[in-house]
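To start, the structure itself, in structure tokens.
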Amino acid sequence: MAALFRGSRNVLLRWNKHVDFAFVSTRSMASKTPVGFVGLGNMGSPMAKNLLMNGYPVIATDVFPESCKELQDLGAQVVDSPAEVAEKADRILTMLPSSPNVIEVYTGPNGILKKVKKGSLLIDSSTIDPAVSREMAVAAEKMGAVFMDAPVSGGVGAASMAKLTFMVGGVEEEYNAAQELLTCMGANVVYCGQVGNGQAAKICNNMLLAIGMIGTAETMNLGIRLGLDPKLLAKVLNMSSGRCWSSDAYNPVPGVMEGVPSANNYQGGFGTTLMAKDLGLAQNTATNTKTPIPLGSLAHQIFRVMCSRGYANKDFSSVFQFLREEEGQ
């Protein structure tokens, strides 16, 4: 008896041991089948490019048509709506700003689920409320499709270099099929359990990231006020117990590191608005689970205030600049 896993993904035909039928799962074969991509922003665009570079034909769309031009020039097919993507591809990735955007793209009038094919694999890499991921999974299941959440960590730089970390939630039997695509865009793909668990892991990670960045910015600012050279202070921190990712890989002080947003007037990277949004998700889930997050809550308030003070479109490491301005410097 044969068990057939969707022809556009991994194909496994199992016959009795006397029949010489091999496992068929090669990237060259899979690449003949298009992959849909919805959401070509700062993260989605380089992710889709990496799929193209790995030989996958990409069918893409974005609410802002101008976002599609570069990908189209590289050979992607651009269509007008998520529904059209679903008509042409049965493996679809989405990378969107927030929960409302995800709900609209999947269940709206021109959404994916209006035209989705039975057996399609839908992978959402947005960072959203875990409850929304679970809702989308239920809606997809009703249409005969499979939905998995796979939010990312690493930022724009990691997206460009295909070094993202994916945190995947969903039916375990579908994990290998999802992993095939995600490894084209990331260095780490981690299965976290049921739908929504990927989002849970991402929210926890970003809460710690926000707290760590504020702590690093405060520490660097204090050291500078005490007369320490910022590069020297960063060197000491990074060989001592205070070392963290924000100090040794993404330092918020201009002039300390090259190739990070603080070296470019806090342009690029992970926006303050997005960090405030993710911290809001952490706050909501903490409230729902009655979990105390005093530092997470304070971080949320700090980044919300920053959004109202002109930092909304700057990288979240601009909290250092915000603290300097708060003290009148």
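The values are calculated or read from the model by the stated rules, or taken from the named source; none is laboratory data. Quantities reported herein were computed from a predicted structural model and do not represent experimental measurements. Using ideal geometry, Cβ is built from the backbone for each residue, glycine included, and neighbour counts are taken over all protein chains shown. Side chains included, ligands, DNA and RNA excluded: accessible areas come from the protein's heavy atoms. Shrake-Rupley method; radii C 1.70, N 1.55, O 1.52, S 1.80 Å.
Out of Val116, Val105, one residue alone is over 27 Å from Asn205 (Cβ atoms) and hydrophobic (A, V, I, L, M, F, W, C). It is Val116.
Pairs meeting the criteria (first residue in the stretch 265-286 and in contact (Cβ under 8 Å) with a residue 24 or more places away in the chain and crowded, with 24+ Cβ neighbours inside 10 Å, second residue of a type in the set (Ser, Thr, Tyr) and in a loop (DSSP other than H, G, I, E, B), beta carbons under 6 Å, at least 6 apart or on different chains) are Asp278/Thr127.
Counting only residues that are surrounded by 24 or more Cβ atoms within 10 Å (Cβ to Cβ) and in a helix (DSSP H, G or I), the stretch 146-180 holds 2 of them. Put simply, of Val156, Val171, Val189, Val152 the only residue that is within 23 Å of Asp129 (Cα to Cα), in contact with a strand residue (DSSP E or B) (Cβ under 7 Å, 6 or more places away or on another chain), in contact (Cβ under 8 Å) with a residue 60 or more places away in the chain and of a type in the set (Val, Ile, Thr) is Val152.
Determine which single condition Glu258 fails, assuming it passes every other condition in (1) surrounded by 17 or more Cβ atoms within 10 Å (Cβ to Cβ); (2) part of a loop (DSSP other than H, G, I, E, B). Answer for Glu258: the failing condition is (1).
Only one of the numbered conditions (1) over 29 Å from Pro292 (Cβ atoms); (2) part of a strand (DSSP E or B); (3) open to solvent by 50 Å² or more (accessible area, probe 1.4 Å); (4) among the β-branched types (Val, Ile, Thr) is not met by Val189, and that is (3). Selection over the stretch 102-119 of residues that are in contact (Cβ under 8 Å) with a residue 60 or more places away in the chain and within 21 Å of the chain's Cα centre (by Cα) gives a count of 2. Looking only at the stretch 294-322, residues that are open to solvent by 20 Å² or more (accessible area, probe 1.4 Å), in contact with a Pro (Cβ under 9 Å, 6 or more places away or on another chain) and over 12 Å from Thr273 (Cβ atoms) come to 1 in all. The test for being open to solvent by 10 Å² or more (accessible area, probe 1.4 Å) and of a type in the set (Gly, Ala, Ser) holds for Gly227.
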